[in-house]
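Presented below is the structure to which this report refers.
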Amino acid sequence: MKVYKEQPNPIFKSGLNKKLIKDFNRINPKSIEAEFREFGVNANFNNNAPLAGCFALSVNILGEIAARYHLPFNFPPPEIRVYNPNELITPLRARGFCISDTKQVIKGEAPFVGTSVFMEKSTESINYINFRRDLEYFFRVCSSPHFLADTLHELFHSIQCSIVYSKEGYDGACPVLRKLYTAQSANGTAKLDEISNIKYSKKEIMEIRKYLGNYAANTHNALEVFAETMTKITALSLNQKLEPIKNPMDNLKSAPKFIKKLIEETFSL
């Protein structure tokens, strides 16, 4: 089986094949939204079939990895929203983001539940998503060329929040999260701030750039280092049928020691 390559290659197809392209052409976003609702996830894909498909595949893959390798990857975000840029209350340059606490994000709409994820409705083509990831990986912007990397990245932000809140408790303003996470210490938001404020040396930033690309290095933010690392090692664990063929954690062997420590400490909080 062909596993995703570590080195930039402008003709590498990021896991997308002809069968998947045909499958994406048949996607009904409303049907996928209905399936997500059965699992308690309020999804609104804004009628965008490629992103609906990417989120569905990503959540299924993480659930399968969670079951097979006993990893805490099966935290579905409470809400998934695909948005048009002009809908945002606060304009962002990022293609996607995750909120750690309840927040009003979309103009004229109620605040979203903390740990929800958002993705910009930037394209109607899965081929374009695939091409963009290949190009960004080739120019060392990101950690993975996989066409699911954007959605995996945001889901891992949500998963990290959920792991921290599960172990440390939740002390924010979101009533939904207060019912979900009830650890007595209740200092989860402070723990996320602590992780976010980890200071990296110039040498460590150079290692981040080499291992994960320019995006993670330029943010100087350990939350982004976590999400990019988990995206990289998860994509590397899949074959071209999008089946997990190894434990993603086995792919951490080539990571810098301080990144390994960040990942291990997050899962053992």
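Derivation of every value follows stated rules applied to the coordinates shown; laboratory data play no part. Keep in mind the model is a prediction, meaning the values are calculated, not measured. Reconstructed Cβ throughout: ideal geometry from the backbone, glycine too, with neighbour counts over all protein chains shown.
A compact table of results
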| item | result |
| --- | --- |
| Extension gain, K179 back to K30 (0.36 nm per residue minus Cα-Cα distance, nm) | 50.8 nm |
| F131 paired with S268, simple spin-label distance in nm, labels 7 Å along Cα-to-beta-carbon | 4.6 |
| Integer Hz, Karplus 6.51/-1.76/1.60 couplings in order for region 123-138, x for Gly and Pro | 7, 9, 10, 5, 5, 5, 4, 4, 4, 4, 5, 4, 5, 5, 5, 4 |
| Cα-centred dipole magnitude for the chain, charges only on beta-carbon of K, R (+1) and D, E (-1), debye, nearest 20 | 800 |
| Residues whose placed amide H lies under 5 Å from that of N42, excluding near-sequence neighbours | E79, I80 |
| Residue among A227, A67, N251 farthest towards the positive dipole end of the chain, charges placed on Cβ | N251 |
| Principal semi-axes in Å for the chain [√(5λ), Cα gyration tensor, largest first] | 26, 24, 18 |
| Sites matching chymotrypsin sites (Phe, Trp or Tyr not before Pro) across region 36-129 that sit in DSSP coil, with at most 14 neighbouring C-beta atoms within 10 Å | F39 |
| GNM top mover of C142, C161, C174 - the chain, alpha-carbon springs below 10 Å | C174 |
| Residue order, fewest to most surrounding Cβ atoms within 10 angstrom, among M230, M249 | M249, M230 |
| For Q104, residues with placed amide H under 5 Å, excluding near neighbours | F112 |
| Choice from A235, A52, A183 with maximal GNM fluctuation in the chain (Cα, 10 Å cutoff) | A183 |
| Pairwise label distance in nanometres, L88 with E243, each label 7 Å out on the Cα-Cβ vector | 3.9 |
| Pairs beyond 19 Å (Cα-Cα), from K232/K253; K202/K257; K22/K241; K30/K232; K167/K246 | K30/K232; K167/K246 |
| Debye, to nearest 20: dipole size of region 97-158, +1 on Lys, Arg Cβ, -1 on Asp, Glu Cβ | 80 |
| Selected from K22, K30, K232 as most flexible by GNM, with the chain as the system and alpha-carbon contacts under 10 Å | K22 |
| Magnitude of the charge dipole, region 111-269, Cβ model with Lys/Arg +1 and Asp/Glu -1, debye to 20 | 400 |
